[in-house]
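Take a look at the structure below.
The values are calculated or read from the model by the stated rules, or taken from the named source; none is laboratory data. Everything numeric here is computed off the predicted structure, so don't read it as measured data. Cβ sites come from the backbone with ideal geometry, for glycine too, and all protein chains shown count toward neighbours. Accessible surface is based on the protein model in full, side chains and every heavy atom, while ligands, DNA and RNA are left aside. Shrake-Rupley method; radii C 1.70, N 1.55, O 1.52, S 1.80 Å.
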Amino acid sequence: MQITRRSALLSPFALSLAALPASAQGVIAGLPRRETLILENPEGTIRNAGWFNIWAINAGGQSTGLHQLTMDTLWYIDPERGIDGHAWDNSLAAAPPEYNADFTEMKVRLRDGIVWSDGTPFTSADVVHTVETQIANRGMRWSAVLAQNVAQVTAPNAHSVTFTLKKPNSRFHAQFTTRWGAIWIMPKHVFEKVQDPVRFDFANPVTLGAYTLHSFDPNGKWYIWQRREDWQRTTLGRFGMPGPRYVAYVDPGPPDKRVIAQMNHDLDVVHDVAPEGMFTLARQSQTSKGWFPRFPYAHPDPTLPSLIFNNQNPLFQSRDVRWALALLIDIKAVSMASYRGAATISAIAVPPTGTHPADYHAPLESWVEAFEIDTGKRKFRPYDPAMGKQITDMLRPTLKDQIPTDPEQIAKSFGMGWWKPNAQAAAELLERAGFRKQGSAWHTPDGKPFSIRVMVEGESRPVMTRAGTMIAQNWRQFGIDAKVDVAQGTLVDRRAAGDFDTFIGWSVETYGGHPDLAYFLDSWHSQFVAKAGSPQPLRNWQRWANPELDRIIEQIRTIGFDDPRSLELGRDYVKLMVREMPIIPLMAYNVFTTVDEQYWTGYPNAEDPYTNPVTNWGNSRYMFPRLKSRA
């Protein structure tokens, strides 16, 4: 069909879309509702609405359905179990990557029979062109990482590609492995005709995914995609026909309007709402469902919100100080303030989600329980393994049978243990570090008041802001001059610049469905730590350098992705983080993704965790073959 900015496809079905943008109501109302899935795009309104060139950055959207429905790459790794029971999926690749002995060469075997939406066969030439185009055009989205790693890329035949690397890299394939996103493959037959790929808008995009563009709002409020007639010739076709014929990604407005839209059955999937919004939907909508069937509802993303120190600040260069500040945090109060109790806590520096509880939390529980701190005056064990249960005990009088009693379910939903608040031990550690208490206030070794700013994002991320506010309150109650530093709209820039004392955010992002930690951990090597005053590249926002950590990372670089030694080294990392505490892990990033079963069933959930339901993840594409219309 012809792609237009506004389509007038008529249908006997109509939607009551009062909660959605006015510009969306007419077009979406013209679609057959029982064939249409409507999802929130958390990017909101897209400024450059007609920009579909995902390889060049120009204010276009990614989570409009563009990277979820139309793009494809060599591999995917799911933060959950995986649609076929395996988190790893060979997508455009027919098999996992094949490295030589020293990891300086990676060979890829490609699937046959995959076709672009215009009928052109997908081949190795597309992969080679994707790499060479971005290396040749500085400023494209992945040009720097490809130029840094790739010496040469060749295609021995139509279905194989060989990467020759500039240096050993046993995780180079991660660049082409979708966690949230990855290096997407571009159509050579389109881009080879373009004079400047950086300025090319890729309007009416030719797609490898199971959907093509139907229409979009030139003001950036909504995008509608239509299932390809030849969906069988896409990689998603291996899992069956995607259920929705049409998929709309919309900007539904602020959280309260998202809740109203779903209660009116006008928004099938909410990306995220504040806990209070989820609780409203749970009470008032019989068809709205969270990840868990009852409290805490939210999906734990493989991301670890933490209190992140600026370790280049002299105040925080002693682990005694960092541990003292950890022992002043009341995690139960933080859970109640931030998520209203719906947090999944983690004492260790790995998110408590996906396979990680089985790979890290449970195996290391006895080690963490036995871990001791020596304050110089006494030794004690700071870990309380029952902290998760204590949170449920606080919630049960109000929420009653919504709160699980089974220990395994409590650990899964609320986390295991955390550090016991211990003001006496904190004081002893600070005193050993040279700090002194004068009256009711603590002072630094040079006699100045001990002041800490806790940077938060403000209204744009209320859950994290509430967590930071509670931590600052905990520290103030002890006599530290702690203040909340609201960085609305500037946190990302200040984080990179090192313009903070501490902040609430994350520097730990994992695959979730695989124990390998290199996705984030390699960037923590000291070679990437910027000098004070210089911008810090992803993801070591804490600017922490440690020789033992370097040794762990360097050993991981020399072994394969599935080598069992990678898990053992990951556990060594966890133990090092407990001892040194360069960040204070708090909890998983719980996303209140809420689905409405009025028109569609088959969504993933904690009981059937076949993929991540969060709408802006590239992996969410695996949800579509499982969705069934109630028609």
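What do you get for Rg/Rh of the stretch 63-164 when both radii come from the Cα atoms and Rh is the Kirkwood radius?
Answer for the stretch 63-164: 0.97.
If each of Ala370 and Ala496 carries a label point 7 Å out from its Cα toward its Cβ, how far apart are those two points in nm?
The modelled label-to-label distance comes out at 4.5 nm.
Run down the lysines and flag those whose C-alpha is under 16 Å from the C-alpha of Lys167, throwing out any fewer than 8 positions away in its chain.
Lys107
Counting alpha carbon pairs within less than 8 Å and at least 6 residues apart, what relative contact order, in whole percent, applies to the chain?
So the answer I get is 20 percent.
Take each of the peptides 151-157, 266-272, 233-239, average the number of other beta-carbon atoms within 10 Å over its residues, and list them starting from the highest.
The most tightly packed comes first, giving 266-272, 233-239, 151-157.
If you take every DSSP beta bridge whose two residues both sit in the chain, what share of them, in percent to the nearest 5, is antiparallel? Present the calculation step by step, with values, prior to reporting the outcome.
Details: 54 of 72 bridges.
Close to 75 percent.
Output the peptides 247-254, 450-457 sorted from most to least packed, where packing is the average of other Cβ atoms within 10 Å over each peptide's residues. It would help to have the intermediate numbers written out before the result.
On the way: 247-254: 23.8, 450-457: 21.4.
Top of the packing list down: 247-254, 450-457.
Hey, how much of the P(r) for the stretch 267-358 falls beyond 19 Å, as a percent of Cα pairs?
54 percent
Quick check: convex hull of the Cα atoms in the stretch 122-225, volume per residue, rounded to a whole Å³?
129 Å³
How many nm separate the modelled label positions at Lys628 and Gln402, each set 7 Å beyond the Cα in the direction of the Cβ?
According to this spin-label approximation, the distance is 2.9 nm.
Kindly flag which residue pairs out of Lys377/Lys448; Lys400/Lys628; Lys257/Lys289; Lys289/Lys412 have an alpha-carbon separation exceeding 22 Å in this structure. Could the numbers behind the result be given before it?
On the way: Lys377/Lys448 25 Å; Lys400/Lys628 33 Å; Lys257/Lys289 17 Å; Lys289/Lys412 18 Å.
From the list (Lys377/Lys448; Lys400/Lys628; Lys257/Lys289; Lys289/Lys412), the Cα-Cα distance tops 22 Å for Lys377/Lys448; Lys400/Lys628.
Using a 1.4 Å probe on the protein chains only, how many percent of the accessible area of the stretch 230-276 belongs to carbon and sulfur?
56 percent
At a 1.4 Å probe, what is the % contribution of carbon and sulfur to the accessible area of the stretch 423-509?
Taking all protein chains in place, the stretch 423-509 shows 49 percent carbon and sulfur surface.
Using the crude model of +1 on Lys and Arg Cβ and -1 on Asp and Glu Cβ, and no other charge, please compute the dipole size for the stretch 168-276 relative to its Cα centre, in debye to 20.
Values: 13 positive and 12 negative charges, 108 e Å.
With only Lys, Arg, Asp and Glu charged at Cβ, the dipole is about 520 debye.
For the chain, what is the calculated [θ] at 222 nm in deg cm²/dmol (nearest 500), taking -39500 (n - 2.57) for each run of four or more DSSP H residues and dividing by its residue count?
-7500 deg cm²/dmol
Translational diffusion coefficient of the stretch 330-428 at 4 °C, 1.567 mPa s, Stokes-Einstein with Kirkwood Rh over Cα pairs, in µm²/s as a whole number.
Reported coefficient: 90 µm²/s.
Check the straight Cα-Cα distances from Lys379 and name the lysines below 26 Å, setting aside those fewer than 8 residues away within the same chain.
Correct list for Lys379: Lys332, Lys389, Lys420, Lys437, Lys575.
How many Å² of accessible area per residue for the chain, probe 1.4 Å? Intermediate values should be presented prior to the final figure.
Numbers: 23550 Å² over 631 residues.
Roughly 37 Å² per residue, with all protein chains present.
Suppose we look only past 27 Å in the calculated P(r) of the stretch 371-517. What percent of the Cα-Cα pairs does that tail hold?
Summing the P(r) tail past 27 Å for the stretch 371-517 gives 43 percent.
Of the DSSP beta bridges with both residues in the stretch 430-542, give the percent that are antiparallel, rounding to the nearest 5. Kindly include the intermediate steps, with their values, before the conclusion.
Working: 4 of 12 bridges.
The antiparallel proportion sits near 35 percent.
Sort the following peptides by mean Cβ neighbour count (other Cβ atoms within 10 Å, averaged over residues), highest first: 425-433, 302-310.
302-310, 425-433
What distance in nm separates the simple spin-label points at Asp230 and Met394, each placed 7 Å from Cα in the Cβ direction?
Inter-label distance under the simple model: 5.8 nm.
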